[in-house]
1. Taking THR86, is it modelled with pLDDT of 95 or more and over 20 Å from LEU242 (Cα atoms)?
2. Scanning the stretch 39-63 for residues that are among the aliphatic types (A, V, I, L, M) and not in a loop (DSSP other than H, G, I, E, B), which turns out surrounded by the most Cβ atoms within 10 Å (Cβ to Cβ)?
3. So, of the residues in the stretch 236-257 that are surrounded by 14 or more Cβ atoms within 10 Å (Cβ to Cβ) and assigned to a loop (DSSP other than H, G, I, E, B), which turns out to be modelled with the highest pLDDT?
4. Applying the selection to the stretch 29-38, what residues are under 16 Å from TRP233 (Cβ atoms) and either assigned to a loop (DSSP other than H, G, I, E, B) or in contact with a helix residue (DSSP H, G or I) (Cβ under 9 Å, 6 or more places away or on another chain) (or both)?
5. Within 17 Å of the chain's Cα centre (by Cα) and under 24 Å from ARG237 (Cβ atoms): which single residue out of GLY107, GLY94, GLY44 fits that description?
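The values are calculated or read from the model by the stated rules, or taken from the named source; none is laboratory data. Keep in mind it's a predicted model, so treat the numbers as computed, not measured. A quick note on method: Cβ atoms are made from the backbone with ideal geometry, for glycine too, and the neighbour counts reach across all protein chains shown.
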Amino acid sequence: MRIVSLCPSLTELVFRLGRGGWLVGVTKFCVEPADEVARLEKVGGTKDPRVERIVELAPDLVLLNREENRAEDAAQLEAAGVRLHTSLPRDVEGARALVAELGALLGRDTVAATLCAEIDDACAALDREVRARRPITFCYLIWRRPTMAADAGSYLSALLERAGGVNVLAAANADAAGYPTLEATDLARLDPERVLLSSEPFPFAAKHADELAEATGLPRERFVLVDGRELSWHGSRTATGLLEARRVLALEDRHCAAHTG
């Protein structure tokens, strides 16, 4: 089978399932596993793929994510007769289902079952811990200038909620994740116990935490730099993402400035 993947986490998942050798094209943002994807042809970005080139590669399957990829590109590929698999996990259960579905599609049910078991084990461990401690309110920032955050309808928020977090931003739309723009005064009013600063898509650093603490008046120790791939790459990293969610929510205040890399 010849596969083109237009989403970084799906690319990594194909490799985790042992079918990386079937990939003939990926996006320029598909960076893991680094050594393997380096040799693959890049067919543009997630928002601007080179549709004509993808068709020329004659893939048997193109993997897309409804949030990462544009509907118009999917429509062009479909019109060209290309078989598509489109997904959008919104929570842990959705990510687990995606792993099982792709495993079956790629003939790797046994490997997929192992990945699903890892997710199940992480969930079981978290569920026991969450019952033993109080919820922690959080706000997850994904962009700077303007400051943008993920609402409670997003996959990464669902991971943090499973680890005992409470998103201070309600879901704006029941059918899609929202990423509202916030002012410093909004963040101060929401008063989250954790302000999580993602490593992607904007690469937040300690200096940005300093700026936000000064602008909002919130204590600097509430601002935590987190690994955006672990918390937003569904399927391939759901199990480790749950552990990262536990880590950032369970931090003692004196450790809140630690960067996960």
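1. Judged against the criteria, THR86 is a match.
2. Among residues in the stretch 39-63 that are among the aliphatic types (A, V, I, L, M) and not in a loop (DSSP other than H, G, I, E, B), the one surrounded by the most Cβ atoms within 10 Å (Cβ to Cβ) is VAL62.
3. ARG237
4. PHE29, CYS30, VAL31, GLU32, PRO33, GLU36, VAL37 - these are the residues of the stretch 29-38 that are under 16 Å from TRP233 (Cβ atoms) and either assigned to a loop (DSSP other than H, G, I, E, B) or in contact with a helix residue (DSSP H, G or I) (Cβ under 9 Å, 6 or more places away or on another chain) (or both).
5. Working: GLY107 fails: within 17 Å of the chain's Cα centre (by Cα); GLY44 fails: within 17 Å of the chain's Cα centre (by Cα).
On inspection, the qualifying residue turns out to be GLY94.
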